[in-house]
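See below for the structure under consideration.
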Amino acid sequence: MSSNAEFFESESLSVVLYGEPFFALAVYCNLCDLHVKRDAIYYTASNGGKQSYICPRCFRGARGESIEVEGFQVFKSNFVEKKNIDELNEE
């Protein structure tokens, strides 16, 4: 990182890559549209070639072994717990 790098703060994470700001993915729950804040836990899974994001409240509140997300049934065991930390959210 260059010595003239600047950091930017916003609701979503910002990082400086090669002197240019990069704003990381803002994570929203697919069920309740809650914004997953920085350093908060969320659950993610791939369904139909698309990433799904679920907040802990919706994940714990879902009854049964699967959760319906955008028309797909996704088994709870397929979700991975992640923390919305200050790094690139690469899936």
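The values are calculated or read from the model by the stated rules, or taken from the named source; none is laboratory data. This one's a predicted model, so the numbers in the text were calculated from it and none came from an experiment. Every residue, glycine among them, receives a Cβ derived from its backbone with ideal geometry; neighbour counts consider all protein chains shown.
Numbers for the structure displayed
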item	result
Members of region 62-81 found to be at negative phi, part of a loop (DSSP other than H, G, I, E, B) and surrounded by 11 or more Cβ atoms within 10 Å (Cβ to Cβ), listed by number	Ala62, Phe79
Counted residues, region 39-61 - those being without any contact (Cβ under 8 Å) to a residue 24 or more places away in the chain and touching a helix residue (DSSP H, G or I) at 6+ places or on another chain (Cβ under 9 Å)	1
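Listed here are the residues, each with its yes/no results for (1) at negative phi; (2) among the aliphatic types (A, V, I, L, M); (3) at pLDDT 85 or above; (4) loosely packed, with under 15 Cβ neighbours inside 10 Å.
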| site | (1), (2), (3), (4) |
| --- | --- |
| Ser3 | yes, no, no, yes |
| Glu9 | yes, no, no, yes |
| Cys29 | yes, no, yes, no |
| Lys37 | yes, no, yes, yes |
| Ile41 | yes, yes, yes, yes |
| Ala45 | yes, yes, yes, no |
| Ile54 | yes, yes, yes, no |
